[in-house]
1. Looking at segment 48-63, is at least one residue modelled with pLDDT of 85 or more, part of a helix (DSSP H, G or I) and of a type in the set (Phe, Trp, Tyr)?
2. Restricting the search to segment 4-37, which residues are surrounded by 15 or more Cβ atoms within 10 Å (Cβ to Cβ), part of a helix (DSSP H, G or I) and among the aliphatic types (A, V, I, L, M)?
Amino acid sequence: MVRRLLVLDEAGELETVHVRIAAGVSVRTVWRWLARAREGHVEPVYRRGGFTLDEVLWARLEQLGGNVAELHRELERAGDDAPLEGRLPSLATMHRAVREQLREGRVLKATSARRGHVDPDR
């Protein structure tokens, strides 16, 4: 989201209405993020000690069609061989981390078709 707003800002078209559209956070927070982005810090700042999914975990989550619970089960089964720094977070923490990263503009590409989906035109 910040990257998109920064493009508008660089074009001279950014208005407060664009900032207000940013869902889930206050207007003041978005302006603070934009100020950081103007200084070259575009990557999101996460909570101190907060869990985030790195590129490897995000790619696996995409392969699982966005199923966070299945990713968590796989990491549990892997034990010490899991591609994690530190211990395995709770399932709720993983769900929250995915939601935060999606809200911040990260895209989750589903790689498999939905099962049981019925085309209404059929």
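The values are calculated or read from the model by the stated rules, or taken from the named source; none is laboratory data. All values reported here derive from a predicted model rather than from experimental measurement. Neighbour counts run over all protein chains shown; Cβ positions are idealised from the backbone, glycine included.
1. Taking every residue of segment 48-63 in turn, at least one turns out to be modelled with pLDDT of 85 or more, part of a helix (DSSP H, G or I) and of a type in the set (Phe, Trp, Tyr).
2. Listed by number, the residues that qualify are Leu5, Leu6, Val19, Val30, Leu34, Ala37.
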